[in-house]
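**Student:** Quick one: structure below, then a few questions.
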Amino acid sequence: MVNSRVESTAVAVTGGSGGAVRSCAGCGGRISDRFLLFSMDRYWHTRCLKCSCCQAQLGEIGSTCFSKGGMILCRNDYIRY
């Protein structure tokens, strides 16, 4: 069995009208934050990237998220699931 592990990576977003407008996969809102996260081929607000099981925020610096069965999981729930 192959487990996919996805680490979220912070990406700097340039200001002004020249930057691409991104929408958050979590809330659907426009991302105008200075930093955003890219995980599972989608963009997220740092506050919206959460574990699908326990709702722990995964957008904090140094956090790692995992993917299994189309869900984004924290380390504890990844091991449990």
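Taken together, the values in this text are just the output of simple stated rules run on the coordinates, not laboratory data. Here the structure is a predicted model, which means the values were calculated and not measured. A quick note on method: Cβ atoms are made from the backbone with ideal geometry, for glycine too, and the neighbour counts reach across all protein chains shown.
**Student:** Across segment 23-81, which residue is surrounded by the most Cβ atoms within 10 Å (Cβ to Cβ) among those that are part of a loop (DSSP other than H, G, I, E, B) and among the polar types (S, T, N, Q)?
**Tutor:** The selected residue is Thr46.
**Student:** So, one more: Pairs needed: first member in segment 50-69, over 20 Å from Ile31 (Cβ atoms); second member anywhere, part of a loop (DSSP other than H, G, I, E, B) and aromatic (Phe, Trp, Tyr); C-beta distance under 6 Å; at least 6 residues apart or different chains.
**Tutor:** As it stands, the answer is Lys68/Tyr81, since those pairs meet every condition given.
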